[in-house]
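Notes for the one structure printed next.
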Amino acid sequence: KAQIDDMFPAARDKVTIAGHVWGLPIELDPLAIYYNKPLFEQEHISIPQDWNELLEDAQKLTTKDRWGLILDPTPTYYELFTFYPFLWSAGGSVVNSDWTKSTFDSTAAIAALTFYQDAFDKYKVSPKSIPTAGTNDPSTFISGFGAMQECGEWAIQQLEVNPPKFKWGYFPIPPMTKGGTSISVVGGWIQVVNKNSPVVQDAMDFTLWLFFKTDFLKQWCTVQNSKLPTFKSIYESAKDYYNSPDWKVFIDQILPTAQPEPRYTPEMDLALENALQSVIFGNVSPAVAAKTAAQQINNFLSTYTGAH
């Protein structure tokens, strides 16, 4: 209980299903928008306060050689991870609390899908293909491929170790409307043990040793990577590291309102991925995409008997 109580609430929520803790969280990975400070100064741009301003700024920053805002266009779990803050900021969700009905056919989901369609298709400020492994790689931002990029706090280390030729900063993902609440999503790796393993007890012993008898978590979050810790005690022991100005916005503004990455089944994820792909590449109306995804999720939920 003491170890569970030592987890930050966002970390504890991330590994809890139906009241039970199913794994040990290694790190917290909230998202933000990174930006090129000299370009902002050159175009007299201030930090955007809502989606409209974000798109307006992205248009000013887009040239024939540079994209204004890099969002993820690839149909993967990570694309959904980066989409959730926009869905939540609009007040939307994917499914109701007891998983009996999809809530994705909503004005909020339509608004979030519209934002994506506007960024990729209407205003053409976001690229439909990425020259790296994905937008979780900040090298696209470092190279000048984009003036802004949605990415996690793991980008800090790469920006510090391989500094670009410009000054950079980051800001919370803007809310849909000015004055609204900025919401991020928290991801991060989780250590779990497969109950069907022939070495369950050894795996459990190793995990408990790794997390609570070594400095693995601290080293992982502050030396090997730039990550936010999942345990309060780790944060306290590494306060000198997290007192850096580079961490202030993540800790003070982003993490307090961030929500854990939801755990949906592959069938539900596929419906959401199809909705995003259809508005980015297929010119499908956001209303149709939201309705179609909700129908697909409802069809699946009608026979689903698993946990949530």
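Data overview
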| item | result |
| --- | --- |
| For region 179-194, Karplus couplings with θ = phi - 60° (6.51, -1.76, 1.60), whole Hz, Gly/Pro x | x, x, 8, 6, 10, 10, 10, 10, x, x, 5, 10, 8, 10, 10, 7 |
| Amide H partners (placed H, <5 Å) of Gln191, local residues excluded | Leu24, Ile26 |
| Accessible area in square angstrom per residue, region 218-270, 1.4 angstrom probe | 52 Å² |
| Calculated [θ] (222 nm, deg cm²/dmol) that DSSP helices of n ≥ 4 give over the chain, each run adding -39,500 (n - 2.57) | -11000 deg cm²/dmol |
| Listed residue pairs exceeding 20 Å between alpha carbons, taken from Lys37/Lys165; Lys64/Lys128; Lys167/Lys239; Lys101/Lys291 | Lys167/Lys239 |
| Rg over Rh [alpha-carbon atoms, Kirkwood Rh] for the chain | 0.97 |
| Sequence-distant residues sharing a close amide H with Asp29 (under 5 Å, placed H) | Gly187, Gly188 |
| Alpha carbon centroid spacing (whole Å) that separates region 106-134 from region 13-56 | 16 Å |
| Pairwise centroid distance, computed over Cα atoms, of region 227-302 with region 139-193, Å | 13 Å |
| Accessible carbon and sulfur surface of region 171-229 relative to its total accessible area, %, 1.4 Å | 58 percent |
| ³J(HN,Hα) computed for each position of region 32-45 - Karplus, 6.51 cos²θ - 1.76 cosθ + 1.60, integer Hz, glycine/proline x | 8, 10, 8, 9, 8, 4, x, 5, 4, 5, 4, 9, 6, 9 |
| Protection-proxy order for peptides 101-108, 219-226, 193-200, each taking the mean of Cβ atoms within 10 Å per residue, highest first | 101-108, 219-226, 193-200 |
| Debye log10 I(q)/I(0) at q = 0.22 Å⁻¹ for region 152-251, Cα point scatterers | -1.21 |
| Region 13-146, accessible area per residue, ligands and nucleic acids excluded (1.4 Å, Å²) | 41 Å² |
| Rel. contact order, % - alpha carbon contacts under 8 angstrom, at least six apart, the chain | 32 percent |
| Residues whose placed amide H lies under 5 Å from that of Phe8, excluding near-sequence neighbours | Phe231, Lys232 |
| Of every Cα-Cα pair in region 1-109, the percent that sits beyond 17 Å | 70 percent |
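The values are calculated or read from the model by the stated rules, or taken from the named source; none is laboratory data. Since the structure is predicted, the reported quantities are computational estimates derived from the model, not experimental observations. Heads up, the Cβs are rebuilt from the backbone with ideal geometry, glycines too, and the neighbour counts pull from every protein chain shown. What goes into the accessible areas is simple: the full protein's heavy atoms, side chains included, and nothing from ligands, DNA or RNA. Shrake-Rupley method; radii C 1.70, N 1.55, O 1.52, S 1.80 Å.
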